[in-house]
1. So Glu125 clears everything in (1) acidic (Asp, Glu); (2) under 18 Å from Leu210 (Cβ atoms); (3) in contact with a Phe, Trp or Tyr (Cβ under 9 Å, 6 or more places away or on another chain) except one condition, right? Which one?
2. Residues to consider are Thr353, Thr340; find the one that is in contact with a helix residue (DSSP H, G or I) (Cβ under 7 Å, 6 or more places away or on another chain) and hydroxyl-bearing (Ser, Thr, Tyr).
3. Please verify whether Asp205 is surrounded by fewer than 19 Cβ atoms within 10 Å (Cβ to Cβ) and closer than 19 Å to Ala261 by Cβ, treating the condition exactly as stated.
4. Looking at Ala356, Ala327, which is the one that is in contact with an Asp or Glu (Cβ under 8 Å, 6 or more places away or on another chain) and touching a residue at least 60 places away in the same chain (Cβ under 8 Å)?
5. Quick test of your reading of the structure: Val361 fulfils all but one of (1) crowded, with 23+ Cβ neighbours inside 10 Å; (2) part of a helix (DSSP H, G or I); (3) free of Cβ contacts under 8 Å to residues at least 60 places away in the same chain; (4) not charged (D, E, K, R). Name the failing condition by number.
6. Could you pull out the residue among Pro49, Pro72, Pro62 that is in contact with a Pro (Cβ under 6 Å, 6 or more places away or on another chain) and either closer than 17 Å to Gly283 by Cα or in the same structural domain as His129 (by TED's automatic domain parsing) (or both)?
7. Grab the helices (runs of 4 or more DSSP H) fully contained in segment 1-100, keeping just those with 2 or more residues being of a type in the set (Asp, Glu).
8. List the number of the failed condition for Asn276; all other conditions in (1) surrounded by 22 or more Cβ atoms within 10 Å (Cβ to Cβ); (2) of a type in the set (S, T, N, Q); (3) not assigned by TED's automatic domain parsing to the domain that holds Pro191 hold.
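The values are calculated or read from the model by the stated rules, or taken from the named source; none is laboratory data. Note that the coordinates shown come from a computational prediction; the quantities given were computed from them, not determined experimentally. Note that each Cβ is placed from the backbone with ideal geometry, even for glycine, and that neighbours are counted across all protein chains shown.
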Amino acid sequence: MIPSILPTYSRAPLAFEAGEGAWLTATGGRRFLDFGAGIAVNALGHAHPVLVETLRRQAARPWHLSNLYEIPEQKALADRLVEETFADTVFFTNSGTEACELAVKMVRKHWSEKDPARTRILTFEGAFHGRSSAAIAAAGSEKMTKGFGPLLPGFTQLPFGDHEALRAAAAEADVGAIMVEPVQGEGGIRPLPDVCLKGLRDLCDDHGLLLVFDEVQCGMGRTGRLFAHDWAGVSPDIMMVAKGIGGGFPLGAVLATEAAAAAMTAGTHGSTYGGNPLGCAVGLAVLGIVAEPAFLEEVRRKAALLRQGLEGLVASHPDVFEEVRGAGLMLGLKCRVPNTEVVSAALDRDMLTVGAADNVVRLLPPLVLTDADIAEGLARLDRAAAAVSAKAA
């Protein structure tokens with residue numbers, strides 16, 4: 001008999017009743033070190049006092065207002081995002097999936113008025129852009145698409161790192177955009193080198209294409225810069241943002257240049273809840289913390305400390321781990337054993353991690369974790385790896 005909650009998740013038998021910083025307390029009292037952060041969502045950890053106070057204050061004011069009216073909190077957050085980024089304009093959504101839908105629509109609408117033949121968007125093997133019809137068609141993997149056909153047409157997936165295939169495809173007359181994650185998350189924590197991001201920008205400029213960055217998982221300070229593409233010194237035309245932008249509150253956004261977004265006029269897109277006062281008040285509070293240079297410098301320092309420890313872990317357990325991947329506090333352990341064994345062993349030692357493709361264990365701790373949290377996380381991973389080794393012996 002089907003349960004009351006649609007069984008699309010394989011859930012661990014755990015429920016949590018409290019949290020603070022990088023720690024969660026389960027019903028029954030067990031304390032877990034959270035190196036998953038809701039899959040890169042809880043950028044400021046659990047129960048951050050600024051976010052709690054912001055939510056409490058806004059809860060006494062209007063929670064929801066239709067986008068038929070002006071929403072001051074939405075305008076304030078949009079203004080700050082424009083100030084901090086390449087963008088000229090912002091549309092707010094509730095999730096990364098919704099952001100992907102708009103990004104695709106924006107590309108199509110842009111070209112419908114300039115060159116209607118340019119309907120195709122180039123994406124990359126290993127990509128994850130969400131679970132809507134457009135997002136799974138963009139990713140194209142069998143795992144995402146099997147059973148959900150016919151798929152939305154207009155996407156071509158290219159091999160990750162195949163520059164010749166990319167150059168050939170970009171030159172084709174029906175291509176309008178390239179969409180890419182600067183760091184693949186679900187795909188196994190695979191960063192795109194800065195030189196490749198610059199090459200993508202040059203390639204798009206050469207062929208007049210729009211460049212779309214998906215920074216849903218790697219954005220909002222996760223790599224030690226406000227957005228991952230900042231490391232390469234390039235800018236997209238359109239960018240998808242979600243997860244960390246709300247610090248745990250459902251919030252997403254599409255940022256764009258005026259040229260890319262000009263065709264999106266009144267009536268071409270909408271959202272009932274997107275940009276509501278509650279979400280935007282929280283998002284503005286998150287951005288006010290994460291965008292500060294001193295905060296990002298501290299993220300980079302802690303990321304270096306964690307990475308150094310993980311490199312030592314790989315060296316100590318060469319039968320379990322192959323390498324460390326990633327950038328900032330978006331790190332992955334490529335495993336020699338099934339990654340599920342490491343995730344399970346860590347869970348047994350009261351530590352939350354997240355699996356990914358290519359046999360990788362993702363480590364996505366809150367950006368506010370302490371040095372003591374890092375030391376404790378490394379110690380628990382060390383014990384987990386030792387248990388996996390002993391089991392295999």
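1. Condition not satisfied by Glu125: (2).
2. Just one listed residue meets the conditions, Thr353.
3. When the stated conditions are applied, Asp205 passes them.
4. Values: Ala327 fails: in contact with an Asp or Glu (Cβ under 8 Å, 6 or more places away or on another chain).
None of the other options fit; the residue is Ala356.
5. Val361 satisfies every listed condition except (2).
6. Numbers: Pro49 fails: in contact with a Pro (Cβ under 6 Å, 6 or more places away or on another chain); Pro72 fails: in contact with a Pro (Cβ under 6 Å, 6 or more places away or on another chain).
Going through Pro49, Pro72, Pro62 in turn, the sole match is Pro62.
7. Per the criteria, 72-84.
8. So Asn276 meets the others, but not (3).
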